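Some notes on the structure that comes next.
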């Protein structure tokens, strides 16, 4: 226990002031506005609810921030962005629903929302969306995933689950011990401030 506590104490917790310059970075702004434009309120069962547009926008921004900080590729950031935008469109209610990832991917394909992606990118997005809401013990059992995308799914699923989980601050239910990436474990304060000041933050980044 002592070693675990010491590790927590040594872990750097990012302050929002550290993130502010990144939010004004030209590349970050371009990425956010490109993918934010894909968010259509009518796709979500309750656009103003806890799994609605505001949650999706924060999840998107958190995913892009983690991509930036960990120097993921443009393609990887794009895959995370598409997963962020469409991961909850299959929800019919706000209660626990392990199957909504499957419904979300089905809806995205039926409505042609992934048509700009390559076949390989679509297959990765499919796995991220379908697996984001199920327990890690099942989500990371990747034996059925094609070998050519398995490593990428394993990597990006960790980032995507964490970006979605960080926004659990909105329901006062974020436990950093369950986060999977080091960068996410550094970002609880960032997630909280995004929740509290999102409208002002987005205005500074340009109209959402």
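The values are calculated or read from the model by the stated rules, or taken from the named source; none is laboratory data. Keep in mind that this is a model prediction, so the values were computed, not measured. For neighbour counting, all protein chains shown are included, and Cβ atoms are generated from backbone atoms with ideal geometry for every residue, glycine included.
Worth a mention:
- 3 or more residues surrounded by fewer than 16 Cβ atoms within 10 Å (Cβ to Cβ) and at pLDDT below 95: qualifying helices (runs of 4 or more DSSP H) within the stretch 121-208: 188-205
- Candidates 61, 23, filtered to the one that is farther than 18 Å from residue 160 by Cβ and in contact (Cβ under 8 Å) with a residue 40 or more places away in the chain: 23
- Residue check for residue 105: assigned to a helix (DSSP H, G or I), free of Cβ contacts under 8 Å to residues at least 60 places away in the same chain and buried (at least 21 other Cβ atoms within 10 Å of the Cβ): yes
- Residue 95 being over 30 Å from residue 203 (Cβ atoms) and either in contact with a helix residue (DSSP H, G or I) (Cβ under 7 Å, 6 or more places away or on another chain) or part of a loop (DSSP other than H, G, I, E, B) (or both): yes
- The stretch 29-45, subset more than 15 Å from the chain's Cα centre (by Cα) and surrounded by 13 or more Cβ atoms within 10 Å (Cβ to Cβ), residue farthest from residue 78 (Cα to Cα): 45
- The listed residue being surrounded by fewer than 16 Cβ atoms within 10 Å (Cβ to Cβ), in contact with a helix residue (DSSP H, G or I) (Cβ under 7 Å, 6 or more places away or on another chain) and modelled with pLDDT under 95, out of 11, 1: 11
- Test: residue in the stretch 46-65 that is at pLDDT 95 or above, in a helix (DSSP H, G or I), exposed (fewer than 14 other Cβ atoms within 10 Å of the Cβ) and over 14 Å from the mean Cα position of the chain (by Cα): no
- Of the listed requirements (1) without any contact (Cβ under 8 Å) to a residue 24 or more places away in the chain; (2) assigned to a helix (DSSP H, G or I); (3) over 15 Å from residue 108 (Cβ atoms), residue 33 misses just one: (1).
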